[in-house]
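Below is one structure; the comments refer to it alone.
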Amino acid sequence: SCICGDLADEIGLAQPTISQHLKELKSLGLIKGNVEGTSVCYCIDKGRWSEMKQIVNEFLNQDINSVDCC
């Protein structure tokens, strides 16, 4: 788990940008957040993360030779 301010320092993006991305990940259920004082502590929802990995892997493992493209 980490706190948004820690992520902003580590990634180098503005704290509001990080907060918006975390909000979207939370709305998808990929992460959970708990309020701790004036901060929110986030962690990955392991079950949902595994589901998303499977979906992405299935997408990436498609045979691209069967798709006509320009």
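The values are calculated or read from the model by the stated rules, or taken from the named source; none is laboratory data. Note that the coordinates shown come from a computational prediction; the quantities given were computed from them, not determined experimentally. Neighbour counts run over all protein chains shown; Cβ positions are idealised from the backbone, glycine included. Accessible surface is based on the protein model in full, side chains and every heavy atom, while ligands, DNA and RNA are left aside. Shrake-Rupley method; radii C 1.70, N 1.55, O 1.52, S 1.80 Å.
Summary table
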quantity: Percent of C-alpha pairs per 10 Å bin, the chain, short to long; calculated: 18, 37, 23, 16, 6, 1
quantity: Cα gyration tensor shape for region 2-43, rounded if a/c is under 1.5, else prolate or oblate; calculated: oblate
quantity: Other-chain or far-sequence residues with amide H under 5 Å of I31's (modelled H); calculated: K26, D45
quantity: The chain: relative contact order as a whole-number percent, Cα under 8 Å and 6+ apart; calculated: 28 percent
quantity: The chain: most fluctuating residue of G37, G12, G29 per GNM, C-alpha cutoff 10 Å; calculated: G37
quantity: Share of carbon and sulfur in the accessible heavy-atom surface of the chain [1.4 Å probe, %]; calculated: 56 percent
quantity: Label-to-label distance, nm, for residues given as Q20 and Q54 (7 Å Cα→Cβ offset); calculated: 3.3 nm
quantity: Computed magnitude of the charge dipole of the chain (debye, nearest 20; Cβ of K, R +1, Cβ of D, E -1); calculated: 260 debye
